[in-house]
Amino acid sequence: NALLPPNAVQVLLPVILQHACKSLPAADDAMTDNRLFASICRVIVNLNSLSPETLHSCLKAVSVKEALSSQSRMECVHAILRMGNANSTREWKTAEAEFMKLLG
């Protein structure tokens, strides 16, 4: 069972991602970072009511190089991209194209 109602999760998820992706974890915090991003990934995949707007905000939040610095972070980004593509809109395609520029 969830600790927060889905509407609260939709508000908090982009903010949590933005703060979590701001910097790289210290070497002794790598396990904590992995657990944090694995948990966020599970929320993204399992919360069926994530709106396209929330996914768009999440993609903006992870549009920094630090979001790709570990496997768990990349899995979280992949989950956002996968869920966003499932609910594809014109705005999503534009945001996804901007994100892909970060990779190039």
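Some points to look at:
- Listed by first and then second residue, the pairs linking a residue in the stretch 63-83 that is over 19 Å from L50 (Cβ atoms) to a residue that is outside any helix (DSSP H, G or I) and open to solvent by 60 Å² or more (accessible area, probe 1.4 Å), with Cβ atoms under 9 Å apart and 6 or more places separating them unless they lie on different chains, are V64/K22; E66/K22; E66/S23; E66/L24; S69/L24; S70/L24.
- Residue within the stretch 83-92 that is surrounded by 15 or more Cβ atoms within 10 Å (Cβ to Cβ), under 15 Å from Q10 (Cβ atoms) and at pLDDT 90 or above present: yes
- Within the stretch 15-43, residues that are of a type in the set (D, E) have Cβ atoms under 9 Å from residues that are crowded, with 17+ Cβ neighbours inside 10 Å in these pairs: D33/A20; D33/P25; D33/S72; D33/R73, counting only partners at least 6 apart in sequence or on another chain.
- Some residue of the stretch 53-65 being surrounded by 13 or more Cβ atoms within 10 Å (Cβ to Cβ), of a type outside the set (S, T, N, Q) and over 23 Å from T89 (Cα atoms): no
- Looking only at residues of the stretch 32-52 that are loosely packed, with under 14 Cβ neighbours inside 10 Å and under 16 Å from S88 (Cα atoms), we find that the one that is modelled with the highest pLDDT is S51.
- Positions within the stretch 1-53 being among the polar types (S, T, N, Q) and within 10 Å of the chain's Cα centre (by Cα), in sequence order: Q18
The values are calculated or read from the model by the stated rules, or taken from the named source; none is laboratory data. The model shown is predicted, which means the values in this text are computed figures rather than measured ones. With ideal geometry, Cβ positions are generated from the backbone for all residues, glycine too; neighbour counts draw on all protein chains shown. The protein model used for the area step is the full one, side chains on, heavy atoms only, and it has no ligands, DNA or RNA in it. Shrake-Rupley method; radii C 1.70, N 1.55, O 1.52, S 1.80 Å.
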